[in-house]
Amino acid sequence: MPDSRGEKAAFSKRCQPFRISVPEQKPPRRDLPAKTVLNQVEPLTRDLLAQRKAGASRRPISRYVAQLRAACLRDQPGACLRSAKGMMKAGIDAGRIADIYVPAVAQALGEDWVADRNSFADVTLGASRLQSLLRELDEAAALHPYGDGPAVLVATAAEAHHTLGAVLLAGQLRRQGFSVRLLLGARPADLQQQLRQSGFDAVFLSASRSEDPQVLRRLVEAARPVPLVLGGGLLELGPEVVAQTRAPQATSDLSEALRLCNLARPAPRVAS
């Protein structure tokens, strides 16, 4: 189990291998209390405006993040989904809960561990419950799990232990109209089989800082000649480490990853 402060500082970024496409924001300061850190989640202010427009509750946005965080740490079946349904009743759509609030809670969990407010086991369980919540949101709110746009395979290596970010990425791509398949814990043979069976336009490979570049290199080689982009915490270790994977492209910005693979976002669907 990792226990150094440097490893702790990297934890919150592991849950989000590709950066979700929301407006840029300054990283939370490490010397601020949890409540202040939660208030720094700037993109959530757009939901506050939407709620007020719809006449929904004026409860502070940071409180919803705090409630969802508390729910995912609670040892009660269905607590996360109940919290999310309460947010939907208040006017926050399920797509934005998945794309904005869940990453914010994952970041808060990382901050909790850095500050020794929660144990590694608690934070890991919380992240696992958030991942389950994403699946439940898809089922409960019919978040268009399948698109008819360009086909993207989102994958993590067999040794990967942090997969929440890949699940978040796959969900966001689907809601944007892409046809997405999620392959967690992939080995080279698994990847090759998927690519043979389906015509994918790109492979997005998520990797955390703790993963072996040589393991990733074998996945990169297995994906050829399909365009591949490597993203995630591994990139923070520097270009020398990334070069060991032999990935043709590397970025943790989703818009840039799409551009590198020459993938255009599908046109919004027109309601019939």
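Any read-out appearing in this document is the output of simple, stated calculations on the displayed coordinates, not a laboratory observation. Since the structure is predicted, the reported quantities are computational estimates derived from the model, not experimental observations. A quick note on method: Cβ atoms are made from the backbone with ideal geometry, for glycine too, and the neighbour counts reach across all protein chains shown.
Derived scalar couplings between HN and Hα for the stretch 103-118 equal x, 5, 5, 4, 5, 5, 4, x, 5, 4, 6, 4, 8, 6, 7, 9 Hz in order, rounded to whole Hz, by the Karplus curve 6.51 cos²θ - 1.76 cosθ + 1.60 (θ = phi - 60°), x for Gly and Pro. For VAL226, the amide hydrogen comes within under 5 Å of no other amide hydrogen, counting only partners 5 or more places away or on other chains and with H modelled in the peptide plane.
Each of GLU111, GLU240, GLU159 has some number of other Cβ atoms within 10 Å of its Cβ, and from fewest to most they run GLU240, GLU159, GLU111.
Between the listed residues SER252, PRO227, SER210, the Cα displaced farthest toward the positive end of the dipole of the stretch 151-260, a dipole computed from Cβ unit charges relative to the Cα centre, is found at PRO227.
Within the stretch 153-167, name every residue whose backbone N is under 17 Å away from a label modeled 7 Å from Cα of SER198 along the Cβ vector. Within reach of a label on SER198: 153-157, 166-167.
Evaluated at q = 0.13, 0.26, 0.27 Å⁻¹, a Debye calculation over the C-alpha positions of the stretch 156-204 (equal weights, vacuum) places log10 I(q)/I(0) at -0.31, -1.08, -1.12. Multiplying the residue separation of GLU240 and SER210 by 0.36 nm and subtracting their alpha-carbon distance yields 9.3 nm.
For the pair ASP253 and ALA189, label points projected 7 Å from Cα toward Cβ lie 4.0 nm apart.
Proximity of backbone amide H atoms, modeled 1.01 Å from N, is registered between ALA158 and ALA186 at under 5 Å, excluding neighbours fewer than 5 places apart on the same chain. Take every pair of alpha-carbon atoms less than 8 Å apart whose residues are at least six positions apart; their mean separation over the length of the stretch 183-272 yields a relative contact order of 27 percent. Expected output is a single nm value to one decimal: the length gained when fully extending between ARG135 and ASP122, i.e. 0.36 nm times separation in residues minus the C-alpha distance. What is it? Stretched out fully, the ARG135 to ASP122 stretch lengthens by 2.6 nm. For ARG209, the residues whose amide H sits under 5 Å from its own are GLY233, LEU234, ignoring neighbours fewer than 5 places away on the same chain, with H placed 1.01 Å from N. Here the 3J(HN,Hα) profile of the stretch 163-178, calculated from phi with Karplus coefficients 6.51, -1.76 and 1.60 at θ = phi - 60°, is 10, 4, x, 5, 5, 4, 4, 4, x, 5, 4, 4, 5, 8, x, 6 Hz, Gly and Pro shown as x.
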